[in-house]
Protein chains: 2
Amino acid sequence: MYRTHTCGELTMAQVGKTVTLAGWMQRSRDLGGMTFIDLRDRYGLTQLVFNMETNAGLCTEARKFGREFVLQATGKVTERYNKNLNMPTGEIEIIVDEIKVLNVSATPPFTIEDESDGGDELRMKYRYLDLRRSTVRRNLELRHHMAQEVRKYFDALGFMEVETPVLIKSTPEGARDFVVPSRLNPGQFYALPQSPQTFKQLMMVAGFDRYFQIVKCFRDEDLRADRQPEFTQIDCEMAFVEQEDILQAFEGMLKHLFKTVRGVEFTEPFVRMTFADAINTYGNDKPDLRFGMKIHEVTNLVKGKGFSIFDNADYVGGICAEGCSEYTRKQLDELTEWVKRPQIGALGLIYIKFNIDGTLKSTVDKFYSPEEIKALADNFNAKPSDIIFLLPGKKKKTLAQLSELRLEMGARLGLRDKNTFAPLWVIDFPLFEYDEETGRYYAMHHPFTSPKIDDLQYFETDSARVRANAYDCVVNGVELGGGSIRIHDQELQQRMFKVLGFTKEQAEYQFGFLMNAFTYGAPPHGGIAFGFDRLASMFAGLDSIRDVIAFPKNNSGRDVMIDSPSHIADEQLKELNIKVEVKMEKS
Amino acid sequence: MYRTHTCGELTMAQVGKTVTLAGWMQRSRDLGGMTFIDLRDRYGLTQLVFNMETNAGLCTEARKFGREFVLQATGKVTERYNKNLNMPTGEIEIIVDEIKVLNVSATPPFTIEDESDGGDELRMKYRYLDLRRSTVRRNLELRHHMAQEVRKYFDALGFMEVETPVLIKSTPEGARDFVVPSRLNPGQFYALPQSPQTFKQLMMVAGFDRYFQIVKCFRDEDLRADRQPEFTQIDCEMAFVEQEDILQAFEGMLKHLFKTVRGVEFTEPFVRMTFADAINTYGNDKPDLRFGMKIHEVTNLVKGKGFSIFDNADYVGGICAEGCSEYTRKQLDELTEWVKRPQIGALGLIYIKFNIDGTLKSTVDKFYSPEEIKALADNFNAKPSDIIFLLPGKKKKTLAQLSELRLEMGARLGLRDKNTFAPLWVIDFPLFEYDEETGRYYAMHHPFTSPKIDDLQYFETDSARVRANAYDCVVNGVELGGGSIRIHDQELQQRMFKVLGFTKEQAEYQFGFLMNAFTYGAPPHGGIAFGFDRLASMFAGLDSIRDVIAFPKNNSGRDVMIDSPSHIADEQLKELNIKVEVKMEKS
């Protein structure tokens, strides 16, 4: 061992002891007679001291070290004159007797500090240096801690972690698969799993009744800002359970994580909200419940008073932003421009100010009597100092716009604190989604999702009305996980395929293998999967999942550090029985 | 929840209680007035009882159930008349009041029993049914348990589990990579990792000083009996350590696993043996130390007595098999045939019997005096009832033959008990291997393996003599893990490349990226990787790794259950900018 202690553990308790530390030179200060070096390792920083008077040779040598040199220092732990109580080792320093350069370092292309001077691309290229920064390292420590706690929780409940295969079979539905040519089976390909869905259901058929896995999954999508071609899921499935059992088990997991990793204790059950309520009250199916500002529909209150924009609207709804009645014209104009951006797409913004003096002032005063305006304000429980924003339009679209406006106002009002967590279950999702374009129903979750027994009566006749045993876990407006109770009854499964417009042959072709397995005594079962990267990034208080991934890829799916993907040798292609054919881009 | 209890937990303590169980019908016995059903789940079997006298309807219904039907039964826990003390629930049975068929089952293609009537291929095709067999299930439970204990051990020591990427870059050396065409980067490919070697070394450069991961790795090899294209490694690396630190840390891991998972406690340090001693004494670098029967070289004792086979031999060695002096002519002939098989390749077998009456009898009596034969026997510490087998030839080849013979005799004598574990470290591997064919040195481990400081003097002049800081962990003749201390000094690395015959350009091309990372202050570091599948299969007492893998592939790399790999759509190939070109086999 090159050290007796780490750079994070020495305190007054060790004063007088001779110790050996090893680490990187964070910085060096030269104060004439003395030289101070901050030595860094994963555990912290410790100050090394060299004295020109007592050991000129050593001090002179120490002055030659560059940033990020790897050093091994032996010396005596001594109480500092100028203590730094902001760091755990700030009360002591090491009077160095011996120093050894374990390795030199070229000058890093950016500073290894909490706030680095390196840009994104540069830091990604030298990710191994970026990872030295304690801010980045702490994210991975957190992720490690979370993974261990997830496993402890499941292990204690008798869940088994089972590794499912990575080289599987391509399926034609869903997102694009990454594929892997098989040399031993010429012309054939494996696919990388988008999720272990099939295998976890087979584990249930096999009687493993409680399965989980923290597992890499792959999706060949056009990448958006916060997507990675490979990502990690906490994948789970249980047999002989109903929806309630699943919600309990996985709410338990999140509570355990919040408590052990973040020190946040949820003593009450998570809020549960139906999909319908989430849409009508928050405008989307993953509401941020850190703040209220619910959407109120006021269609009936505003129609028929001669204001054509409202009269012609399918729906009018709004939100009440507390304490914003003093918004200036400029602020309101800016907000109006904000909702008119193409990403939101509103035509304008109507407001009612409930002034501090109790008066009401709106953009639609000429169409409504003061009593009518007051009634509107009352509908929102508005009080002096509040402002109400109204948007009209098609219901679905307007609700989506109001959702965006609500989130924006929440952010502007500081109601979306990263250290506050508002978890909930969104339940009772529709089983089917109707697609206008193709004129058919699609499974909102997947074709094995079971319907609510109470809604079976509408299954064929009013399919859109059928609710599913499907659920999402949402925290702070982010969908962290989702799942469903699966269909284990073959007759019901056939009805499902029929509504989805599958012929028997199509169903057989796409799902035959799993359906066949189900004929051998599939138990009732259901499950859930959580996005582990997202969960970790929320726990870390980050906006992106990138910094909870040790070696992430950029938006083109490239690892700029190792410069991958790359061209491969013709010999290799030949062995794999494939040929590259890159079409020229039209220019 | 479909049950109040599992099928493995009810005992006399619950007699009188009404319970609900759910599971699969293992078997049904119809004894006229009574019907007994064994209900099975992951946790065990419980006997259900139906009585024709007290509930004819229910009993008649129960008689219709087929094997593997999924049942939910409610009834009273009752003491049995005929207790079966071989099973945990054997003292009780359930007098069933209500039974529900949760799902029917087609007749399984083989019996779901510990000893199944299904052949290998059939059981692989219906792996989800094979997994219902408790023998198979227990292997995966064991694997789960081992994985959790590995993580507990490392977590407690401050190791961080870091997920390294699966989509990485193809490297031209080593075994064949599986590759993945990138749609977003036309004509370019990712590769799947053969191990996270580069990334774990980068983690050390990044200062993470204690890393581990239980991780899938991939190798596109021509598959042998016990190889899988995807396999799992316990991958580890540490910084600021020397070889001794690594051996201590990972010997600790194995001891922890043996103790917590198998109840075997090793209080003494593992045996350590140099590579040279392993070869000379056991004929190979992964000796099975469950038994002695060491190889003795007797070249000098047997030469010059006129026996030309020995006189012409480069080396003569042998083993002493205890208690085998009574071997018949037939047994000896059979053993002689065994060593002459092409897999072993000996020309014959010479033996010396030390008869129970104290006399000595050998196949070479006419060349040696009784005293010379006695001296030979004494060299092996042979005693009456033993037999000595001698083989002559080139040293390396003969040692390998003696190793095979020793293992075979160990097996025949019952000295290789699966519940006895003999772990050891093989250390001081040679750094280089000379290849006669290409006339150059290769790195025995990999080109980043560090040499012993003491042997640096021979580095260029007598390279074959240079020992490495490389080590293997061997248990019962199986190499479970191996690793090395890496080179962190750039000058030494350049010398290494030179001995290996790399030009500067070649070294740069193949290893430039890692070498560049090493210029930014790489700490001294080293690591190890264990084959997790093999470790689990040894703990499970299995000969093959297949049954500790939930969904294994066959020897052609096929998953016969999901029928993968498979052909993919032309559209998909076009998107990936590749074309399949299967050459016709010559017929």
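Can you confirm whether the range A:229-252 contains a residue that is more than 9 Å from chain B (Cβ to nearest Cβ), open to solvent by less than 20 Å² (accessible area, probe 1.4 Å), part of a loop (DSSP other than H, G, I, E, B) and in contact with a strand residue (DSSP E or B) (Cβ under 6 Å, 6 or more places away or on another chain)? Looking through the range A:229-252, none of the residues is more than 9 Å from chain B (Cβ to nearest Cβ), open to solvent by less than 20 Å² (accessible area, probe 1.4 Å), part of a loop (DSSP other than H, G, I, E, B) and in contact with a strand residue (DSSP E or B) (Cβ under 6 Å, 6 or more places away or on another chain). Just one of the listed residues (B:Asp563, B:Asp533, B:Asp559) is assigned by TED's automatic domain parsing to the domain that holds B:Glu221, under 27 Å from A:Thr164 (Cα atoms) and among the acidic types (Asp, Glu), namely B:Asp533. Scanning the range A:403-460 for residues that are closer than 25 Å to A:Arg534 by Cβ, in contact (Cβ under 8 Å) with a residue 60 or more places away in the chain, open to solvent by 50 Å² or more (accessible area, probe 1.4 Å) and not in a helix (DSSP H, G or I) turns up A:Leu413, A:Leu415, A:Arg416, A:Asp417, A:Lys418, A:Asn419, A:Thr420. Of the residues making up the range A:215-228, those that are more than 15 Å from A:Val548 (Cα to Cα) and either open to solvent by 30 Å² or more (accessible area, probe 1.4 Å) or assigned to a loop (DSSP other than H, G, I, E, B) (or both) are A:Arg219, A:Asp220, A:Glu221, A:Asp222, A:Leu223, A:Arg224.
Mind telling me which of the residues A:Gln201, A:Gln194 ends up being open to solvent by 10 Å² or more (accessible area, probe 1.4 Å) and either facing chain B (nearest Cβ under 10 Å) or not in a helix (DSSP H, G or I) (or both)? Write out each step before concluding.
On the way: A:Gln201 fails: open to solvent by 10 Å² or more (accessible area, probe 1.4 Å).
A:Gln194 is the lone residue from the list that is open to solvent by 10 Å² or more (accessible area, probe 1.4 Å) and either facing chain B (nearest Cβ under 10 Å) or not in a helix (DSSP H, G or I) (or both).
Give, as residue ranges, the helices (runs of 4 or more DSSP H) completely inside the range A:255-333 that count at least 1 residues that are within 29 Å of A:His445 (Cβ to Cβ). Reasoning before the result, please.
Details: elements: A:275-282, A:299-302, A:308-311.
The qualifying helices (runs of 4 or more DSSP H) are A:275-282.
Consider B:Val180 carefully, then state whether it is facing chain A (nearest Cβ under 7 Å), surrounded by fewer than 24 Cβ atoms within 10 Å (Cβ to Cβ) and either assigned to a strand (DSSP E or B) or modelled with pLDDT of 95 or more (or both). Against the criterion (facing chain A (nearest Cβ under 7 Å), surrounded by fewer than 24 Cβ atoms within 10 Å (Cβ to Cβ) and either assigned to a strand (DSSP E or B) or modelled with pLDDT of 95 or more (or both)), B:Val180 does not qualify. Scanning the range B:461-479 turns up no residue that is open to solvent by less than 30 Å² (accessible area, probe 1.4 Å), among the acidic types (Asp, Glu) and part of a helix (DSSP H, G or I). Say whether the condition of being farther than 16 Å from A:Gly207 by Cα and outside any helix (DSSP H, G or I) is met by at least one residue in the range B:120-137. Looking through the range B:120-137, none of the residues is farther than 16 Å from A:Gly207 by Cα and outside any helix (DSSP H, G or I).
Checking every residue in the range B:508-521 against the condition of being within 30 Å of A:Lys583 (Cβ to Cβ) and more than 7 Å from chain A (Cβ to nearest Cβ) gives at least one match.
Determine whether B:Pro552 is part of a loop (DSSP other than H, G, I, E, B) and either closer than 28 Å to A:Arg42 by Cβ or touching a Gly at 6+ places or on another chain (Cβ under 8 Å) (or both). Walk me through it before giving the result.
Details: part of a loop (DSSP other than H, G, I, E, B): yes; either closer than 28 Å to A:Arg42 by Cβ or touching a Gly at 6+ places or on another chain (Cβ under 8 Å) (or both): no.
When the stated conditions are applied, B:Pro552 does not pass them.
Picking from A:Gly348, A:Gly304, A:Gly263, A:Gly292, which residue would you name as being surrounded by fewer than 17 Cβ atoms within 10 Å (Cβ to Cβ), free of Cβ contacts under 8 Å to residues at least 60 places away in the same chain and closer than 21 Å to A:Trp425 by Cβ?
On the way: A:Gly348 fails: closer than 21 Å to A:Trp425 by Cβ; A:Gly304 fails: closer than 21 Å to A:Trp425 by Cβ; A:Gly263 fails: closer than 21 Å to A:Trp425 by Cβ.
The conditions single out A:Gly292.
So how many residues does the range A:40-83 have that are under 15 Å from A:Arg29 (Cα atoms), part of a strand (DSSP E or B) and open to solvent by less than 30 Å² (accessible area, probe 1.4 Å)? Residues in the range A:40-83 being under 15 Å from A:Arg29 (Cα atoms), part of a strand (DSSP E or B) and open to solvent by less than 30 Å² (accessible area, probe 1.4 Å): 6 in total. Can you work out which of the residues in the range A:480-519 that are of a type in the set (D, E, K, R) and either in contact with a Gly (Cβ under 6 Å, 6 or more places away or on another chain) or not in a helix (DSSP H, G or I) (or both) is least open to solvent (accessible area, probe 1.4 Å)? Only one residue fits best here, namely A:Arg486.
You will find that of B:Asn103, B:Asn139, the residue that is more than 10 Å from chain A (Cβ to nearest Cβ) and open to solvent by less than 30 Å² (accessible area, probe 1.4 Å) is B:Asn139 and no other. The set of residues in the range A:158-172 being more than 8 Å from chain B (Cβ to nearest Cβ) and open to solvent by 10 Å² or more (accessible area, probe 1.4 Å) consists of A:Gly158, A:Thr171. Residues in the range A:504-562 that are over 28 Å from A:Val475 (Cα atoms) and of a type in the set (Phe, Trp, Tyr): A:Tyr509, A:Phe511, A:Phe513, A:Phe518, A:Tyr520.
Annotation note: Cβ proximity below 6 Å between a residue of the range A:145-157 that is facing chain B (nearest Cβ under 10 Å) and a residue that is part of a helix (DSSP H, G or I) and charged (D, E, K, R) (sequence gap 6+ or interchain) occurs for A:Gln148/B:Asp155.
When the range B:117-144 is examined, which residues are found to be of a type in the set (Gly, Ala, Ser) and touching a residue at least 12 places away in the same chain (Cβ under 8 Å)? Outline the logic, then answer.
Our first condition is that a residue be of a type in the set (Gly, Ala, Ser); within the range B:117-144, this holds for B:118-119, B:134.
Passing the criteria: B:Gly118, B:Ser134.
Can we say B:Val582 is more than 9 Å from chain A (Cβ to nearest Cβ) and not charged (D, E, K, R)? For B:Val582, the condition - more than 9 Å from chain A (Cβ to nearest Cβ) and not charged (D, E, K, R) - is not met.
The values are calculated or read from the model by the stated rules, or taken from the named source; none is laboratory data. Just so we're clear, the structure is a prediction, and the values are computed from it rather than from any experiment. When we count neighbours, we look across all protein chains shown, and the Cβ atoms used for this are built from the backbone with ideal geometry, even at glycine. Just the protein is used for accessible areas: all its heavy atoms, side chains included, with ligands, DNA and RNA removed. Shrake-Rupley method; radii C 1.70, N 1.55, O 1.52, S 1.80 Å.
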